[in-house]
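Following: one structure in structure tokens, then a few remarks.
Read the figures in this text as sums done on the coordinates, not as results from a lab. Because the structure is predicted, anything quoted here is derived from the model rather than measured. Backbone-built Cβ (ideal geometry, glycine too); neighbour counts: all protein chains shown.
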Amino acid sequence: MTISIFRAGKNPEMFAKMEREGTLVRGEVPGIYQVRRITNLPFQIVITNELEGDEYAAYRALTERAKEEDVAAVLDRVGASAGSDSLVDHFAALLRLVLEKNPQYFSLAKRREKDMDEHEYAVKVFMEVFKDEVDAKVNTAVDKIKVELDAANEKADKAKAEADKANAEADKANAEATEARAEADKVKAEAIANDAKWQKTLAEKEEIIKAQSLTNISNIMSSLQISAEKAMDLLKIPVEERHLYVALLPK
């Protein structure tokens, strides 16, 4: 099932905005626009005054201020439908709607009726079309179409509401994710700062230990009158660190 909205004309600014946003795409047939991302059902907007070709004459004739050639094409199809009950009913209802929209073409229909006197069944159709009341079968068909259209519009509204809800939830999730990333960045920055402080404290402790060890080496050398190497042996200073102290001892 395809949801179709028929309009005689369009709002250029709204259509241009929808095309920029990617929610409206021009179809292969001029005048037919495909609507995207609003509902999961196929959805199209038909601008009847943009439709081209005889096959779309009936759509153009259903608008106010229809062209005479389009109304004439509908009249021709009514005449050509003689012999088929389903086609007669279809085009009879269509012609009635066309003439309700464009009463100025009533005389054209009557002239066409005279031109087609040899088609007795077609004349009968014309007489039915111009009755005061529309045939009950046509009314039933029109009511059915209206009910189906209302149901389709209700489904479309429900689908749009669900899409809006999903979009709102997605926006909320994105906001929460952004907040979580900011909090993670804050924790990471604090961890880096704490690590820098710890490294600084460790370096300060090492300097204090080194200064104390240097004092101890000097005191032992002075008290025992021994060399720096022997003093460091007594203090069990690692061999790989001794050159650091030797460089700082008085010559």
Exercise. Quick one: Karplus J couplings for the stretch 41-58, per residue in order, coefficients 6.51, -1.76, 1.60, θ = phi - 60°, nearest Hz, x for Gly and Pro?
Worked result: 6, x, 9, 9, 10, 10, 9, 5, 6, 9, 5, 10, x, 5, 5, 10, 4, 4
For this session: Multiply the residue gap between LEU248 and LYS155 by 0.36 nm, knock off their C-alpha separation, and tell me the result in nm, one decimal place.
Result: 24.7 nm
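By its C-alpha gyration tensor, with a ≥ b ≥ c as the square roots of the eigenvalues, how is the stretch 1-52 shaped: rounded for a/c under 1.5, else prolate for a/b larger than b/c, else oblate?
On the way: a/c = 1.75, a/b = 1.12, b/c = 1.56.
Here the stretch 1-52 falls in the oblate category.
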Exercise. Which of the peptides 140-147, 41-48, 151-158 is most tightly packed, and how do the rest follow, going by the mean number of other Cβ atoms within 10 Å of each residue?
Worked result: 41-48, 151-158, 140-147
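Holding the Cα-Cα limit at 28 Å, pick out from LYS17/LYS160; LYS10/LYS158; LYS67/LYS158 the pairs that are longer than that.
Details: LYS17/LYS160 19 Å; LYS10/LYS158 25 Å; LYS67/LYS158 38 Å.
Exceeds cut-off: LYS67/LYS158.
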Exercise. With point charges of +1 on the Cβ of Lys and Arg and -1 on the Cβ of Asp and Glu, referenced to the Cα centre of the stretch 135-210, which listed residue (ALA152, ILE208, ASN174) lies farthest in the positive direction of the dipole?
Worked result: ILE208
Problem set entry | GLN225-THR2 pseudo-label distance in nm [points 7 Å out on the Cα-to-Cβ vector] | 11.5
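Order these peptides, 215-221, 233-239, by their mean beta-carbon neighbour count within 10 angstrom, highest first. Please report the intermediate quantities before stating the final value.
Details: 215-221: 16.1, 233-239: 11.4.
In descending order of packing, they fall as 215-221, 233-239.
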Exercise. Can you list residues whose amide H is under 5 Å from ILE3's amide H, if they're 5+ apart or on another chain and H is modeled 1.01 Å from N?
Worked result: PHE43, GLN44
Exercise. Over the stretch 1-52, what relative contact order in percent results from Cα pairs under 8 Å that are six or more residues apart?
Worked result: 45
Problem set entry | Phi-based couplings in Hz for the stretch 11-26 (Karplus 6.51, -1.76, 1.60; Gly and Pro marked x) | 8, x, 5, 5, 5, 5, 5, 5, 5, 5, 7, x, 8, 9, 10, 5
Problem set entry | Built amide H within the under 5 Å cut-off of ARG36, gap 5+ | LEU24, VAL25
Exercise. What ³J(HN,Hα) values, in whole Hz, does the Karplus curve 6.51 cos²θ - 1.76 cosθ + 1.60 give for the stretch 27-34 when θ = phi - 60°, with x put for Gly and Pro?
Worked result: x, 5, 8, x, x, 10, 10, 8
